[in-house]
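These notes are about the structure you will find just below.
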Amino acid sequence: MTRGEGACLICGKPLVYFDKAREMTCAICGKTFLSYASCEDGHYVCDDCHEKRGVEVIMEGCRKTTSRNPIAIMQALMEDPYIYMHGPEHHIMVGAALLAAYKNSGGDIDLDAALEEMRARGSEYPGGSCGYWGCCGAAASCGMFMSIVTKATPLTGRSWGQSNAMTARVLSAIAALGGPRCCKRNSFTAALTAAKVVEEELGVKMELPEKVTCTFFEENEQCLRRACPYNPDYRGR
């Protein structure tokens, strides 16, 4: 097993990650799930309970924003206390921010319906998938975004390819930075890469900042610090 940051929502103690799933009971809703993590004292919080309030923040913020910049949208959302340093809410937030920025940049979508679909799909993607499945949820969120805006299904042609290519390009960019995981770093990388793909594939140009500066690195015990491109003191890898 390995230890993570002090992120238990019940007691604040460090999380412990297992090499095999164990049956755990959520300390909030009381339901039983198979999980790969608990805190040192054995507390477990399921993905639904972990992300519930944060997802409400994401949906409201993305419906109201007029920004064309997915990074700015995410940075505003990340300031809310219910968007934790790490967590499955990021699997919804990345795609939702892209949907809002896409709509505000001239993309032809029903934003309310698209956001609800993003919520449904993103909520299906488990926390910890970056380490246990080899596919970060931020990358999958970008693939979901592309699938929603292009109306891809398992039986479509070009849109099926576009959606899978989106996930592949974003995941490659995330993987190039190395681990351990950081939901903020991965979300920034995902949105930056996805916005470029959208311009190339769909002809919709979103706004992007010249430089992305992370303000959350002090909250992450596993932060790459000067090796992270979003750290204020970035020095390269």
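The values are calculated or read from the model by the stated rules, or taken from the named source; none is laboratory data. Note that the coordinates shown come from a computational prediction; the quantities given were computed from them, not determined experimentally. Positions of Cβ are generated from backbone atoms using ideal geometry, with glycine treated the same way; all protein chains shown enter the neighbour counts. These accessible areas exclude ligands, DNA and RNA; they are computed on the full protein's heavy atoms, side chains included. Shrake-Rupley method; radii C 1.70, N 1.55, O 1.52, S 1.80 Å.
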*Given the conditions (1) open to solvent by 60 Å² or more (accessible area, probe 1.4 Å); (2) in contact with a helix residue (DSSP H, G or I) (Cβ under 9 Å, 6 or more places away or on another chain); (3) farther than 21 Å from ALA140 by Cα; (4) not aliphatic (A, V, I, L, M), report the number of the one that TYR36 does not fulfil.*
(3)
*Which ones in the stretch 104-115 are touching a residue at least 12 places away in the same chain (Cβ under 8 Å) and outside any helix (DSSP H, G or I)?*
SER105, GLY106, GLY107, ILE109
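Return the only residue of TYR82, TYR17 being touching a helix residue (DSSP H, G or I) at 6+ places or on another chain (Cβ under 8 Å), among the aromatic types (Phe, Trp, Tyr), in contact (Cβ under 8 Å) with a residue 40 or more places away in the chain and surrounded by fewer than 19 Cβ atoms within 10 Å (Cβ to Cβ).
TYR17
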_Quick check on this structure: which one of GLU200, GLU218, GLU210 is acidic (Asp, Glu), open to solvent by 20 Å² or more (accessible area, probe 1.4 Å) and outside any helix (DSSP H, G or I)?_
GLU210
_Test: residue in the stretch 159-166 that is surrounded by 17 or more Cβ atoms within 10 Å (Cβ to Cβ) and either of a type in the set (Val, Ile, Thr) or modelled with pLDDT under 95 (or both)_ = no
_Could you tell me how many of the residues in the stretch 17-37 are farther than 30 Å from ALA97 by Cβ and not hydrophobic (A, V, I, L, M, F, W, C)?_
7
*asked:* Any residue at all in the stretch 43-57 that's touching a strand residue (DSSP E or B) at 6+ places or on another chain (Cβ under 6 Å) and farther than 14 Å from SER123 by Cα?
replied: yes
_Counted residues, the stretch 39-51 - those being surrounded by fewer than 21 Cβ atoms within 10 Å (Cβ to Cβ) and farther than 21 Å from PHE216 by Cβ_ = 6
*Taking the stretch 12-43, which residues are modelled with pLDDT of 90 or more and part of a loop (DSSP other than H, G, I, E, B)?*
CYS26, ALA27, ILE28, CYS29, GLY30, LYS31, GLU40, ASP41, GLY42, HIS43
*asked:* Suppose the filter is modelled with pLDDT of 95 or more, in a helix (DSSP H, G or I) and more than 23 Å from CYS130 (Cβ to Cβ); does ALA96 pass it?
replied: no
*For GLY128, which of the numbered conditions (1) in contact (Cβ under 8 Å) with a residue 60 or more places away in the chain; (2) within 16 Å of MET93 (Cβ to Cβ) fails to hold?*
(2)
_Residues that are within 19 Å of TRP133 (Cβ to Cβ) and surrounded by fewer than 18 Cβ atoms within 10 Å (Cβ to Cβ), drawn from the stretch 174-197_ = ALA175, ALA176, LEU177, GLY178, GLY179, PRO180
_If the requirement is being over 11 Å from the mean Cα position of the chain (by Cα) and open to solvent by less than 10 Å² (accessible area, probe 1.4 Å), which of these qualifies: MET74, MET59, MET93?_
MET59
_Go through the stretch 55-75 and report how many residues are closer than 17 Å to ALA190 by Cβ and outside any loop (DSSP other than H, G, I, E, B)._
8
*Could you list all residues from the stretch 116-146 that are surrounded by fewer than 23 Cβ atoms within 10 Å (Cβ to Cβ) and either of a type in the set (Lys, Arg) or assigned to a helix (DSSP H, G or I) (or both)?*
GLU116, GLU117, ARG119, ALA120, ARG121, SER129, GLY131, TYR132
*Which pairs do you get when a residue that is among the hydrophobic types (A, V, I, L, M, F, W, C), found in the stretch 208-237, comes within reach of a residue that is part of a loop (DSSP other than H, G, I, E, B), reach meaning Cβ atoms under 6 angstrom, with the pair 6+ apart or on two chains?*
VAL212/TYR230; CYS214/TYR230; PHE217/CYS223; PHE217/ASN231; ALA227/ARG237
